Amino acid sequence: MPRKRLPNKQKAQTSQVKPAPGVPAPSSDTVALKAAAGAFSNAATGVAKDIVLENKDIKVTLNTQGGKVKQVLLKNYKTYADYNNGKNSPLVIFDEAFDKLSFELPTTQGNVDIARLFFTTNSTGGVVADGKTTSVSFVAQIGPNQTIEQVYTLAGNGFELNYDVKLSGLNGILKNENAKFNWLENVRLTEKDITENRKATVNYLINDGEEFDQLSENPTSPADASVDKAVKWITFKKKYFLSGFITKNAPIQKAQVFSIPNVNDSLNIKTLRAGMELSLADLESGKGNFILFFGPNDYSKIKNVAPSFGKNVKLSYDIFLPITRYVFVPLFSFLEGIFSNYGLLIIALVFIIKMALFPLTYKSYVSMAKMRILQPELAAIKEKVGDDAAKMQQEQMKLYNEVGVSPLSGCVPVLATMPILMAVFMLFPNLINLRQESFLWANDLSTYDSILSLPSIPFYGNHVSLFCLLMTVSQLAYGYYNNQMTPDQPGQPINMKTMAYVTPVIFMFVMNSFPAGLSFYYFVSNLVTIGQQLAIRKFVDEDKIKLVLEENRKKIAAGGGKKSRFSDYLQKQLKAAEEAQKASEGKKKK
């Protein structure tokens with residue numbers, strides 16, 4: 001059947017318009033790009049070109065397509081040694097191949113991601129000299145006197161990339177809605193322990209009142225949050241590194257943040273995402289001033305970047321934070337100026353802390369010596385009263401009152417050292433200073449040392465940490481020594497001497513995957529403590545202490561001795577107990 005011819009009019013409507021001589025016909029890709037760009041179609045095509053801006057700390061690759069950050073490399077940090085070739089790879093903290101930045105502007109034709117537009121620049125980038133700053137300016141020409149400008153400024157040192165957005169002459173194109181800045185980061189393996197890598201999370205600071213908050217660090221469960229208040233900054237916090245968006249003048253209006261573990265992916269092990277809304281009026285009025293932070297999560301380097309930015313480093317629980325912030329962090333920094341070997345630094349740190357706590361150690365030892373001297377009398381009381389726990393307690397209190405001894409005087413010094421132990425327990429796993437620092441057989445003090453691989457054992461792991469074993473042995477040795485020096489306490493519900501052997505074994509399982517630096521700290525600390533007590537034992541004369549107790553007994557009996565507050569408390573409790581017992585016996589007689 002012959003093909004039916006179209007009428008001339010219809011044929012004219014369907015035929016393509018021929019381009020002018022010398023002008024190439026627009027490709028379908030170009031047409032699609034212009035259509036996607038909508039009101040910004042004049043900037044939909046162009047040439048993609050890299051501009052490199054770097055200082056002594058970071059190397060930033062920018063691109064004219066989108067006028068955006070393409071890649072950020074931290075020059076002084078490496079990833080953990082590759083398991084195949086044993087080499088450390090350069091640490092790329094942001095890479096367009098994995099991570100995405102988009103900036104959507106609301107136009108009358110819909111939202112347009114300016115990351116798709118092409119910008120022009122006269123900047124060449126280069127290396128920024130120390131003490132100087134260099135800027136790269138990208139401009140997208142939308143129309144006559146209509147531009148979008150993005151300016152990146154880098155100082156000669158540091159990890160802050162200043163980012164300014166300027167909108168000019170776009171009043172008739174943009175709608176009165178918030179702009180959207182979206183950041184997605186696929187967390188990659190940079191540390192030895194993949195579980196620790198998967199604890200990456202999103203932190204943020206609510207601008208009103210500077211309220212810090214974060215998503216859960218759970219390595220296997222997703223988390224998200226909607227923040228309807230103004231936000232000062234948002235960061236993607238990894239084990240030892242940070243990527244962050246910080247506002248200078250105008251805050252983020254509201255945000256949604258997500259943390260999604262990729263448990264079956266060994267490359268992109270977790271996805272962090274933040275959707276931020278920025279006031280369009282602020283961008284148009286010259287308040288679009290921000291900081292993009294790419295760097296180590298090092299308290300000394302980030303504490304002054306923005307308000308409360310130091311909270312990205314989990315130094316300690318709030319109750320112990322003053323100890324960590326004002327004692328350990330400055331002391332650690334001071335010792336770094338003296339020691340290049342971090343194993344020796346930890347030894348020096350232990351000695352300084354132990355010497356500072358020596359008066360408490362001495363007081364605790366003397367208190368235990370007093371209890372040892374009283375042990376024969378306590379044993380006699382036990383034989384006299386038998387299994388009557390209440391009577392035993394009354395007689396003990398009476399004895400302590402007679403000689404002016406407080407049984408708590410040995411516990412208080414020990415409890416006073418607990419904040420130090422807890423502060424160290426929290427600080428060392430988050431201390432980037434130990435990262436990839438070797439000592440003896442440990443290649444990296446910031447993670448566990450492994451001398452033997454095992455099949456995965458529940459609650460223990462798939463390896464043997466030698467520093468953890470040494471710590472356990474030293475704790476058992478200290479427990480044994482302490483048990484020899486500490487008298488049994490009649491009527492104690494828990495055998496504390498047994499716990500001195502059980503607790504170290506429990507901690508061996510807990511700390512097998514903790515940083516080698518932390519186990520080494522506790523190992524040295526235990527050895528120094530034993531050494532201190534052996535030295536104190538040589539200088540403490542227990543016969544002299546016994547004479548002092550006898551003198552106290554005589555003075556208190558005569559009413560001339562000076563009683564401690566605890567002795568007064570014991571006396572009151574003793575009287576109250578005796579009265580209660582008499583009252584009870586009186587009721588029974590009736």
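How much of the accessible area of segment 271-354, probe 1.4 Å, is carbon plus sulfur, in whole percent?
58 percent
Considering only protein heavy atoms and a 1.4 Å probe, what is the carbon-and-sulfur percentage of the accessible area of segment 107-200?
Whole-percent figure for carbon plus sulfur exposure: 43.
What order, most packed first, do the peptides 522-534, 168-180 have when packing is the mean number of other Cβ atoms within 10 Å of each residue?
Answer by packing, highest mean first, reads 522-534, 168-180.
How much area per residue is accessible in segment 158-211 when the probe is 1.4 Å and only protein heavy atoms are counted (Å²)?
I get 40 Å² per residue for this part.
In vacuo Debye scattering of segment 179-301, one point per C-alpha: log10 I(q)/I(0) at q = 0.11, 0.12, 0.18, 0.21 Å⁻¹?
These q points yield log10 I(q)/I(0) values of -0.37, -0.44, -0.92, -1.16.
How much accessible area per residue does segment 39-118 have, counting only protein heavy atoms and a probe of 1.4 Å, in square angstrom?
45 Å²
Place +1 on the Cβ of every Lys and Arg and -1 on the Cβ of every Asp and Glu in segment 96-186, take the dipole about the Cα centre, and give the residue among PRO144, SER102, THR120 whose Cα lies farthest towards its positive end.
Value computed over the given set: PRO144.
The values are calculated or read from the model by the stated rules, or taken from the named source; none is laboratory data. Just so we're clear, the structure is a prediction, and the values are computed from it rather than from any experiment. Ideal geometry is used to build each Cβ from the backbone, glycine not excepted, and the neighbour counts take in all protein chains shown. Calculation scope for accessible area: heavy atoms of the full protein, side chains included, ligands and nucleic acids excluded. Shrake-Rupley method; radii C 1.70, N 1.55, O 1.52, S 1.80 Å.
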